[in-house]
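Visitor: Here it is, the structure in full.
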Amino acid sequence: MRGETLRIVLADPNRPSREGLRSQLQHAGFHVDSVASGSDVLLLCRTDPPDVLIMDLSLRDIDGFELCARVRRETRDTDTVVIIMTEPTDEMTRTYLGQMVDFAGGDYFFVRPFDGRLLVHLLDDLGKERGGMGNHVRVAFPTRVVWPTARTQRLVPVG
C-alpha cells in the first residue's frame, strides 16, 4: 500500500482546506495527523517527529517561517521533510519565497492554489526514497510547484 512508510503531519488553520487535503492524502493511502496550530505541530514534532510535515505559513499562533526553523532545530536528528504551502499576498514574498523557505529550513514549497495530485506524487517519491527504491522526484504538469529548495538538491527533478 502506498504511503505505509510515511507518517505525515498536516498543519493548516483553514478547516475546509485542511480537511480536504487530509482526506485526499488519506484516500491516497497515507497516515495523516491534521492540526490547526503551530503549537500542536511543535508538540507532535517533540514527541514523535513525523516523516513529513506539510504546513501552511499562515498559522495564527506562530509565524510559519519561525515554526519551520523551530521544527528544524528540534528535529535535527531526524529526516523530517518540511513542505510549505502558501498563497503569497505581497510582491516581496512572491519574489523571494524560495529563498525564505530555504532559509527557514523548508525542503519544498507549494504556491496555492495547487493540484493535490502533485503533492501525492511527491510524497510517493519521498516514500520510495526512504524505502531505498529510488532517489528521483518526477514532476507532472501543471508545475505550479516550486521545488526543490537548496536543502534537497540531491533530489533531481526528471520529466
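Bear in mind that the values in this text are calculations on the coordinates, not laboratory data. Quantities reported herein were computed from a predicted structural model and do not represent experimental measurements. Positions of Cβ are generated from backbone atoms using ideal geometry, with glycine treated the same way; all protein chains shown enter the neighbour counts.
Visitor: Only sites in a loop by DSSP and with at most 13 other Cβ atoms within 10 Å count here; which GluC sites (Glu not before Pro) in the range 1-99 make the cut?
Guide: Hits after loop and neighbour filter: GLU4.
Visitor: Restricting things to alpha carbons, tell me how big the range 56-120 is in terms of Rg and Dmax, in Å.
Guide: In order Rg, Dmax, the Cα atoms of the range 56-120 give 12.0, 35 Å.
Visitor: Roughly how many Å is it from the Cα centre of the range 4-67 to that of the range 89-130, as a whole number?
Guide: 14
Visitor: Using a 10 Å cut-off around each Cβ, can you sort ASP125, ASP115 from fewest to most neighbouring Cβ atoms?
Guide: By the 10 Å Cβ count, ascending: ASP115, ASP125.
Visitor: What FRET efficiency comes out for GLU66 versus ASP33 if R0 is 22 angstrom and r is the Cβ-Cβ distance? Round to the nearest 0.05.
Guide: 0.55
Visitor: Right, another one. Counting other C-beta atoms within 10 Å, which of CYS68, CYS45 has the fewest, and how do the rest follow?
Guide: In increasing order of surrounding Cβ atoms, one gets CYS45, CYS68.
Visitor: Give me a comma-separated list of calculated 3J(HN,Hα) values for the range 42-56, in order, Karplus coefficients 6.51, -1.76, 1.60 applied at θ = phi - 60°, integers in Hz, x for any Gly or Pro.
Guide: 4, 4, 5, 5, 6, 7, 7, x, x, 6, 9, 10, 10, 9, 7
Visitor: Turning to a different aspect of this structure: Pop out the ³J(HN,Hα) list for the range 57-74 in order, Karplus 6.51 cos²θ - 1.76 cosθ + 1.60 with θ = phi - 60°, rounded to Hz; leave Gly and Pro as x.
Guide: Along the range 57-74, the couplings run 6, 8, 5, 6, 8, 9, 4, x, 5, 5, 4, 4, 5, 5, 4, 4, 5, 7 Hz.
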